[in-house]
Amino acid sequence: MKKLLFLFLLLLPASIFSQPDLISIQQSWIDSLKTGQSLSSFYWESRNLTYTRITTSDSESLIQLSRSEQIKGLGSYEHIQTFKHDKYRFITVGTLDNNTESMILLTGWRDVDGSWKKEIDLILTHEADLFELDEEISNSLNDRRFDWVKLANQHDPQQHIKALYTADAMYFSNGQKSEGREQIIDRYAYMENPNYQVDLEKEQLWHVSKGQVLEIGRYFTGAERVGNGGLYVILWENVKNQWMIELDFNF
């Protein structure tokens with residue numbers, strides 16, 4: 001019997017063992033947030049990143065997450081989807097309710113010395129009557145994504161960022177935040193390499209508000225696609241009837 005059990009375990013997909021229970025960790029974070037307990041143990045050293053676009057009356061407390069202030073009225077968390085970058089990095093998306101509103105909570109997770117830590121939290125007020133994207137907006141974003149790839153492969157980060165990013169856009173990667181176009185241009189300087197090539201493939205779009213769309217997808221670098229690619233997150237914002245990037249995050 002023991003031999004049969006051992007063989008059965010060997011035949012199980014490796015993903016069963018490698019998939020971390022991030023939902024439970026997220027719920028523990030929320031419970032700590034509700035009661036004002038310290039949140040420092042949930043984050044990747046001092047490099048935790050937080051981006052909020054919320055209208056709740058508790059917004060100031062949520063913005064100051066690291067201060068561990070007690071938040072009243074924070075309700076339940078409902079997990080929506082998990083995305084795998086590799087066995088060391090994941091993204092989870094869910095909704096978080098308070099007394100009057102629903103919020104989207106997106107978290108980028110990183111395995112740090114065998115312990116799962118938050119690298120970024122993205123919290124957005126979600127308009128309940130929106131979520132599914134209509135065809136017109138989806139087509140517009142397809143065009144803008146095509147522009148992003150085209151400009152990225154022209155090896156001119158300045159032209160690329162100014163054409164597609166808002167003036168106050170933010171870029172998060174590897175535990176670092178860059179604010180505004182000039183800082184993002186500096187971070188994307190590697191695109192000046194004439195041999196650099198990149199492509200994007202969307203996986204999921206959420207219509208967060210009338211002027212905001214959250215996108216998760218995969219990027220592929222090099223002349224040929226190898227493997228599953230890496231994960232990226234884009235928050236699109238409608239600025240004078242043009243979709244621009246307000247936030248850009250990738251592992």
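The values are calculated or read from the model by the stated rules, or taken from the named source; none is laboratory data. Here the structure is a predicted model, which means the values were calculated and not measured. When we count neighbours, we look across all protein chains shown, and the Cβ atoms used for this are built from the backbone with ideal geometry, even at glycine. Areas reflect the complete protein model, heavy atoms only, side chains present, ligands, DNA and RNA absent. Shrake-Rupley method; radii C 1.70, N 1.55, O 1.52, S 1.80 Å.
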Using a 1.4 angstrom probe on heavy atoms only, work out the carbon and sulfur share of the accessible area of segment 111-251 in %.
42
Return the loop-located trypsin sites (Lys or Arg not before Pro) in segment 157-238 (DSSP other than H, G, I, E, B) with at most 11 other Cβ atoms within 10 Å of their own Cβ; answer none if there are none.
210
Please work out the average accessible area per residue across the chain, using the 1.4 Å probe convention, and give it in Å².
52
Mind giving me the nanometre distance, one decimal, between the label points for residue 128 and residue 240, set 7 Å out from Cα along Cα→Cβ?
3.6
Amide H to amide H under 5 Å from residue 54: which residues, 5+ apart in sequence or cross-chain, H placed 1.01 Å off N in plane?
125
Take every DSSP beta bridge with both residues inside the chain and express the antiparallel ones as a percent of the total, to the nearest 5.
85
Over 18 Å (Cα to Cα) - which of 84/118; 87/117; 84/117; 202/240 fall in this group:
202/240
222 nm [θ] for the chain, helices only, -39500 (n - 2.57) per DSSP H run of 4+, per residue, to 500?
-8000 deg cm²/dmol
Stretched out fully, how many nm does the piece from residue 197 to residue 135 gain, at 0.36 nm a residue minus the Cα gap?
19.4 nm
Considering the options 204, 140, 155, tell which one lies farthest towards the positive end of the dipole of segment 107-249, charges being +1 on Lys and Arg and -1 on Asp and Glu at the Cβ, about the Cα centre.
155
The chain: relative contact order from alpha carbon pairs under 8 Å, six or more residues apart, as a whole percent, is 14
Is there a quick way to get the dipole size of segment 182-244? I mean about its Cα centre, with the Cβ of Lys and Arg at +1 and of Asp and Glu at -1; what is the value in debye to the nearest 20?
240
For residue 221 and residue 186, extending 7 Å from Cα along the Cα-Cβ vector and measuring point to point gives, in nm, a value of 2.0
If you average the alpha carbon positions of segment 185-208 and of segment 231-251, how far apart do those two centres end up, in angstrom?
11
